[in-house]
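Input: a single structure, listed below in structure tokens.
Every number in this text was worked out from the coordinates using simple rules, so none of it is lab data. Please read these numbers as outputs of a predicted model, since none were measured by experiment. Here Cβ is always computed from backbone atoms with ideal geometry, including for glycine, and neighbour counts include all displayed protein chains.
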């Protein structure tokens, strides 16, 4: 009796087990690489996300800081340096590239970082980058405004604005002084020569007191006291002293308030030296605009009715910053430009006046909203545009 063993078959089984073992090792190695890859993706991806968030915060901060300088009239180089300061020094970006275009700025930040597992895959270092852009916008609305409107007339001569005829000074360095008179309707009161220094139309006055080609006296339909809430202007003294607490938006028609009393001028005297926000208008209508001047109404316009159907309405289109320097109304005064207007223009000596100058203030806290393509008269809001 003997036992027969098929060696070749047995040996074949041994060879199959060895092959399977080798295949398992290769498969495990591949799975380990895949696992490391996923681990790298999770850990290094998290690091990348956090670093990119830091880069984005730095870009946002740099853009907002830089554009504030542009809005305030500073040079491109000052804006670029400020943007880099906020992006790199204050918010931990490694580098920041800054581009300026007009009153807009773009900041691109970068932060390199070491990977945790990426080195095993040949990527020991990565760079997170981010882009932010910010821009100066003409405001869409304002609070605490002075209830005096000023007309946006087409720019002439040496106007500092491309949209309206205006010249600016600086805080503490007065520019051309503007004179605001006390009586106010669009058709009564005196009128200025148009264009300035032309002698025409007949019977009009030379309102260009310093002969620079731009009127410094705001006459007739070029300015008005405003009824800001439609209630008749009974709170005008409070509005002058503390600012109108409500918000006035552009494309709003407000009625003029005639016959302003002396106590309102006394209230303005308490604001001498202050920066006040003045609404700027581009159209006026004798009567409620929807009825009397429908062709002057735009679809986005709204009307705050007040003063009856005979009131003159003014459409607010922007806001400007004005520094009050002198009020000539008993017992205050005399004011230098008031006396010059009396001597050279022949206005009555008892005419109450407000003197001051406009400034290219840039960003101020009481305005908000943004108006693409809006009227630029030196006051801006700041928003990220990217």
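If the stretch 225-293 were replaced by its equivalent ellipsoid, with semi-axes equal to the square roots of 5 times the Cα gyration tensor eigenvalues, what would those be, largest first, whole Å? Mind dumping the intermediate values first?
Details: eigenvalues 109, 38, 23 Å².
Rounded to whole Å, the semi-axes are 23, 14, 11.
Please quote Rg/Rh for the stretch 257-385 to two decimal places, taking the Kirkwood radius as Rh and restricting both calculations to Cα atoms.
Numbers: Rg = 17.7 Å, Rh = 17.3 Å.
Reported Rg/Rh, Kirkwood definition of Rh: 1.02.
If I model a spin label as a point 7 Å beyond the Cα along the Cα-Cβ vector, how far apart are those points for residue 274 and residue 238 in nm?
The answer from the label model is 1.5 nm.
Could you work out how far apart the two model spin labels at residue 340 and residue 38 are, taking each label as a point 7 Å from the Cα in the direction of the beta carbon, and quote it in nm?
My value for the distance between the label points is 8.1 nm.
Suppose R0 equals 56 Å. What FRET efficiency, 1/(1 + (r/R0)^6) with r the Cβ-Cβ distance, do residue 173 and residue 49 give to the nearest 0.05? Provide the component values of the computation, followed by the final result.
Details: r = 49 Å, r/R0 = 0.88.
That gives a FRET efficiency of 0.70.
Sort 60, 368 by Cβ crowding within 10 Å, fewest neighbours at the top.
So the residues, fewest neighbours to most, are 368, 60.
Determine, for 108, 89, the number of other Cβ atoms within 10 Å of each Cβ, and report the residues in order from fewest to most.
Ordered from fewest to most neighbouring Cβ atoms within 10 Å, 108, 89 come out as 89, 108.
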